[in-house]
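The values are calculated or read from the model by the stated rules, or taken from the named source; none is laboratory data. This structure is a prediction, so every number in the text was calculated from the model and none was measured. So basically every Cβ, Gly included, is an ideal-geometry build from the backbone, and we count neighbours across all protein chains shown.
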Amino acid sequence: MTRISRAHSHRTAAAVTLLCALTMTTQVPTAHAAPDPHTATLDDVHHQLDDLYHQSEVTTEKYNAADEKATEQQKKVTVLNGGVRAAELKAARLESLVGAAARAQYRSGALPVEVQFALASDPEHALEDAGLAQQAQQGTQQKLTALQAARKDLRARTDEATEELTDLKASRRAMARSRDKIKARIAAARALESRLQETQLRRLAELERQDQAEDQAEWVGTGILNEVGTKASDAGRKAIEYATEQLGKPYVWGAEGPDSFDCSGLTSQAWLHAGVPIPRTSEEQWAQLKHVPITRMRPGDLIIYFSDASHVAVYIGDGKIIQAPRPGRWVYVSPAGSMEILGVVRPDA
């Protein structure tokens, strides 16, 4: 994702007025109105695209979070359903045993033990039979008690599974809505870009590079690179190596390799291949991983961008990052200070 550009006064005067051919006949779903087609400058379009892609990435990360939650819920439901099936098998076995005991009692006439003793021709054997009958009755009662407990457990597991399944369906509906928003915003951004001529696209790319260079220079000018670490941990080095191997692969929202990535898909996979599993989304990476002061940042750490933690990249040293920027782009090396830095996290702290 590109950063939300700051307005640069020196470029405002040099902005080129778009041709009337840059017609925007459809409404773009953003918080800001689309630039007027007759007065819009490339600077206006630059800001508009930045805003669209930022919204797209925010929604993408929320989609990723919802998808991760749904996956975990599905695992729980699968486990619960397995428990339900096990309880059903247990109940069936107990019912079979109870039925067999009932049939045995029926065949013996189900007479009370004292009556069986009085009618017996051999009192000694009658006592043995009475003891066995009492054991059988106790065993039957134990089986009945176990059956009742199994059925109670079955009902509880079924209720829990149903509740989890309801949550899962609600989560999936939320994901579907997020997915639709993502598609609409990406389509709007691409439609906006498609209206630009080749020379305008080159100028737009130049404006973006200029913004990045100015912000990077301002960031480096603080002297930050004189303080940050220069040596990666063993795991951090492996994460950087993995990220480097992905250079040139396209950004695809929701993707986590091996052929394409979104921003947090790249960082989570880089650290997974380094032997350190981390959360899937940039928001959760910011929320769950250890924060380190930017002055203590070292190669391999993750830089989280924007106040909503909607973007993340791998710091590789020398003031540079590897990132999966936004739709229509690819994994590439870029200046670490070219976007609004929220903070730094260390997966192997």
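Things worth noting here:
- Yes/no for residue 166 being within 30 Å of residue 89 (Cβ to Cβ), assigned to a helix (DSSP H, G or I) and modelled with pLDDT under 80: no
- Scanning region 218-252 for residues that are farther than 30 Å from residue 175 by Cβ and in contact with a helix residue (DSSP H, G or I) (Cβ under 8 Å, 6 or more places away or on another chain) turns up 218, 219, 220, 224, 227, 228, 229, 232, 235, 238, 240.
- Residue selected from region 59-91 under the condition at pLDDT 75 or above and among the hydrophobic types (A, V, I, L, M, F, W, C), by the criterion farthest from residue 277 (Cα to Cα): 89
- Within region 250-271, residues that are within 18 Å of residue 66 (Cα to Cα) reach partners that are at pLDDT below 95 and β-branched (Val, Ile, Thr) with beta carbons closer than 6 Å, at six or more positions or on different chains, in the pairs 253/60; 253/182; 262/60; 264/281.
- If the condition is being touching a helix residue (DSSP H, G or I) at 6+ places or on another chain (Cβ under 7 Å) and either surrounded by fewer than 24 Cβ atoms within 10 Å (Cβ to Cβ) or on the phi > 0 side of the Ramachandran plot (or both), then region 253-264 contributes 254, 255, 256, 257.
- Among the conditions (1) within 19 Å of residue 53 (Cβ to Cβ); (2) crowded, with 20+ Cβ neighbours inside 10 Å; (3) hydroxyl-bearing (Ser, Thr, Tyr), residue 315 misses just one, which is (1).
- The set of residues in region 218-245 being among the charged types (D, E, K, R) and more than 17 Å from residue 271 (Cβ to Cβ) consists of 218, 227, 231.
- Considered as a group, the residues in region 224-233 that are in contact (Cβ under 8 Å) with a residue 40 or more places away in the chain and part of a helix (DSSP H, G or I) include one that is nearest to residue 316 (Cα to Cα), and that residue is 225.
- Identity of the residue in region 265-301, closer than 19 Å to residue 320 by Cβ and under 14 Å from the mean Cα position of the chain (by Cα), that ends up surrounded by the fewest Cβ atoms within 10 Å (Cβ to Cβ): 266
- Restricting region 44-76 to residues that are of a type in the set (S, T, N, Q) and surrounded by 20 or more Cβ atoms within 10 Å (Cβ to Cβ), the residue that is farthest from residue 165 (Cα to Cα) is 48.
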